[in-house]
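Peer 1: Structure below; questions to follow.
FYI, it's all coordinate maths here, none of it is from the lab. Just so we're clear, the structure is a prediction, and the values are computed from it rather than from any experiment. In this analysis, Cβ positions are derived from the backbone assuming ideal geometry, glycine residues included, and neighbour counts consider all displayed protein chains.
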Amino acid sequence: MSRVVLNERGIKHLFSGKGAVGRIIDGKARLIHDHAKSNIQTRLVARSGDLEANLRMIKIDSADGYHVVVGTDAKHRGFAYARALETGINPETGEEMGFHESKAFMVPAVIQSGFRLRRA
C-alpha cells in the first residue's frame, strides 16, 4: 500500500503568482496584452488613444487561485465602445452595431498568443 502526502503549502506556491504556473500565466497575459496593443495601433482607424491608454493587465492572487485579467474598460461619453468594438453589439441596447471592426483587438490577441477558439 502506498501513502501519499500532499504538501499544501508547496502546491499553493506553485499555483500562486510567485510560482512556476503563475510565471507561465504572467507570460501568456503579457503576450495577450502586447498583441492587443499592437492590434489597437494597426487595425483600428479612428482612435482617440483612450482604448490603448486604458488597456490593462490586472493580477489577482486570491484564495480562488491566481488570475490575470487583460482588457480595457475604455468609454467615450459613458458609452463602452471597447466592448462594442470587440463584440459588434451595442452594450446599451443589445443590438448589432453593423461595423466591420468586431473582434478587432482582444480575440485576435488571444489567438496570436497561441490559444485556440473554443467551439460552441
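Peer 1: Looking at region 68-95 only, could you name the residues that are of a type outside the set (Val, Ile, Thr) and closer than 15 Å to residue 44 by Cα?
Peer 2: 74, 81, 82, 83, 84, 85, 86, 88
Peer 1: Out of 69, 110, report the one residue that is β-branched (Val, Ile, Thr), in a strand (DSSP E or B) and touching a strand residue (DSSP E or B) at 6+ places or on another chain (Cβ under 9 Å).
Peer 2: 69
Peer 1: Please determine, by comparing only the residues of region 72-107 that are exposed (fewer than 14 other Cβ atoms within 10 Å of the Cβ) and either of a type in the set (Gly, Ala, Ser) or part of a helix (DSSP H, G or I) (or both), which one is farthest from the chain's Cα centre (by Cα).
Peer 2: So the residue we want is 98.
Peer 1: If you scan region 1-46, which residues turn out to be of a type in the set (Gly, Ala, Ser), exposed (fewer than 14 other Cβ atoms within 10 Å of the Cβ) and outside any helix (DSSP H, G or I)? Lay out the reasoning, then the answer.
Peer 2: In the first step, residues of region 1-46 are kept if they are of a type in the set (Gly, Ala, Ser); the result is 2, 10, 16-17, 19-20, 22, 27, 29, 36, 38, 46.
Remaining after also requiring exposed (fewer than 14 other Cβ atoms within 10 Å of the Cβ): 2, 10, 20, 27, 46.
Within region 1-46, 2, 46 meet the criteria.
Peer 1: Now for a different question. Would you pick out the residues in region 81-90 that are out of contact with any strand residue (DSSP E or B) (no Cβ under 7 Å at 6 or more places or on another chain) and touching a residue at least 12 places away in the same chain (Cβ under 8 Å)?
Peer 2: Answer for region 81-90, where residues must be out of contact with any strand residue (DSSP E or B) (no Cβ under 7 Å at 6 or more places or on another chain) and touching a residue at least 12 places away in the same chain (Cβ under 8 Å): 81, 82, 84, 85, 86, 87.
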